[in-house]
Amino acid sequence: MYYKNYICKKLGKIENLESNTNRSNYLKQNQVRLKILAIGLSYVDILMIKGTYQHKNELPFVPGTEACGVIVEENCNNKKLLNKKAIVLTKKGCFSEEVVTDLSKIIFINNQMPSAQAASFFTSSLTSYIALKEIAKTSKDNFVLITGASGAIGQTSIKLANHYKANVICVASNKRKATLLRKIGVKKIIFVKDNIKKKVMEYTENKGVDIILDINGFLKEKNILSCLTWNGKYLIAGFTDNNITSIKTNYILIKSIQIFGIRAGEYLRNTKILHKKKIIDDIFKLYKKNVFKIKPYKIRPFNKLIEELINIRERKSMGKIVITTKHLNENKHG
Ligand SMILES: NC(=O)c1ccc[n+]([C@@H]2O[C@H](COP(=O)([O-])OP(=O)(O)OC[C@H]3O[C@@H](n4cnc5c(N)ncnc54)[C@H](OP(=O)(O)O)[C@@H]3O)[C@@H](O)[C@H]2O)c1
């Protein structure tokens with residue numbers, strides 16, 4: 001069987017990705033072959049192609065970390081696996097019409113779950129869950145400040161914080177993004193160009209926020225630590241454009257600030273098996289309750305993949321962009 005994928009042969013620009021046609025290889029023991037139906041694009045893909053992400057793939061590699069597919073072949077001595085739908089979560093390989101992976105590395109889903117949602121909801125939902133539930137232990141009436149709020153992780157974080165009945169304050173860069181945030185129920189919005197601390201103090205009646213979820217490395221641009229209340233929590237979830245910075249230790253001491261690094265995937269890998277299962281079950285329960293059911297920003301065909309990655313890089317997207325393959329139309333479950 002032949003299939004198409006995108007290959008990164010040189011780190012740097014998204015525009016350098018090459019489209020290739022390949023022949024399927026034999027499966028090793030305990031591997032499955034999935035026909036990919038939909039692929040979730042992410043800022044992480046851009047950082048990996050650039051070579052500035054914490055995890056480095058060896059060149060050449062097929063980028064892509066999240067997809068949904070259907071099992072078409074197995075070497076696990078279990079024919080019941082065939083035609084089952086699953087989510088693939090990996091550090092590379094998803095920008096492809098076909099993925100071969102170990103059985104242990106996929107998450108089975110209900111065959112009726114829409115492929116576009118299945119390919120795009122899990123990573124952002126997991127990151128929000130690990131940050132706000134597992135680490136910050138967000139509770140009712142907490143004030144939570146979210147940067148990069150209109151993006152994929154921002155939106156799942158808003159929905160989760162609202163679910164815990166916290167007070168959400170969001171940072172957005174323009175009116176178009178603020179309109180989207182209002183549509184998903186955010187009432188307190190601050191623009192990047194505003195005096196952030198002044199606005200936060202207005203919204204919190206001079207108390208400051210309990211939690212900052214910094215999704216886009218906003219601390220480099222503005223000292224948002226000054227918006228925290230006594231013993232507040234600063235969660236570092238990601239960076240854009242390599243905007244990494246340092247924090248003065250006296251600042252941390254004076255307000256007894258707590259600082260946490262968020263690595264959702266690693267958190268799950270380092271968690272005991274039973275707790276890991278509970279986290280995954282909880283995420284699917286929250287999906288069913290509509291907390292993590294967020295409409296993709298755009299759904300585009302496979303040949304538009306590079307174009308859409310560029311839109312994410314240029315800060316034009318608002319949430320997940322999903323790429324569909326030719327197999328989606330053939331699949332009776334959609
Ligand atoms: N910690 C973890 O476990 C984990 C897991 C997955 C991803 N991540 C990281 O989380 C970050 C966000 O991911 P995402 O999927 O939410 O991305 P996204 O959908 O592209 O959203 C990121 C948001 O950040 C802002 N932004 C975009 N480009 C920017 C730039 N050049 N400078 C400053 N702000 C910019 C944008 O909002 P405004 O224009 O309104 O500011 C955008 O909505 C990435 O760095 C990713 O690597 C972390």
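Nothing in this text is a laboratory measurement; each read-out follows from the coordinates by a stated rule. A quick note: this is a predicted structure, and the numbers were derived from the prediction, not measured. Neighbour counts run over all protein chains shown; Cβ positions are idealised from the backbone, glycine included.
Observations, loosely collected:
- Each of HIS327, HIS275 has some number of other Cβ atoms within 10 Å of its Cβ, and from fewest to most they run HIS275, HIS327.
- In terms of the mean number of neighbouring beta-carbon atoms within 10 Å, the peptides 127-140, 176-189, 249-262 order highest first as 127-140, 176-189, 249-262.
- Student exercise, the range 126-264 dipole from Lys, Arg, Asp, Glu Cβ charges, in Debye to nearest 20: 360 debye
- For ILE257, net neighbour charge (Lys/Arg +1, Asp/Glu -1) across residues whose Cβ lies under 12 Å away: +2
- Positive-pole candidate from ILE244, ILE190, LEU213, dipole of the chain, charges at beta carbon: ILE190
- Estimated vicinal HN-Hα couplings, Hz - the range 233-241 in sequence order (Karplus 6.51, -1.76, 1.60; Gly, Pro = x): 10, 10, 9, 9, 9, x, 9, 10, 6
- Among beta bridges that DSSP assigns inside the range 194-330, antiparallel share in %, nearest 5: 0 percent
- Summary of packing: across the peptides 12-19, 39-46, 110-117, the per-residue average of other C-beta atoms within 10 Å ranks them, highest first, as 39-46, 110-117, 12-19.
- Over 19 Å between alpha carbons, listed pairs LYS183/LYS222; LYS159/LYS316; LYS278/LYS298; LYS9/LYS92: LYS183/LYS222; LYS159/LYS316; LYS278/LYS298
- Ranking of SER120, SER317 by count of other Cβ atoms within 10 Å, fewest first: SER317, SER120
- Where GluC sites (Glu not before Pro) fall in DSSP loop in the range 20-97, at most 14 other Cβ within 10 Å: GLU58
- Percent RCO, i.e. relative contact order, over the range 159-268, from Cα pairs under 8 Å lying at least 6 residues apart: 19 percent
- In sequence order, calculated HN-Hα J values of the range 213-221 (Karplus, 6.51, -1.76, 1.60; Hz; x Gly/Pro): 9, 9, 7, 10, x, 5, 4, 5, 7
- The range 126-264: C-alpha pair distances exceeding 27 Å, %: 9 percent
- Distance between the range 213-250 and the range 143-166 - C-alpha centres, whole angstrom: 16 Å
- Working note: Karplus 6.51/-1.76/1.60 with θ = phi - 60° gives the range 294-301 the couplings 10, 4, x, 5, 8, 10, 9, x Hz, where Gly and Pro are set to x.
- Listed peptides 278-289, 84-95 appear in the order 84-95, 278-289 once ranked by packing, highest mean of other Cβ atoms within 10 Å at the front.
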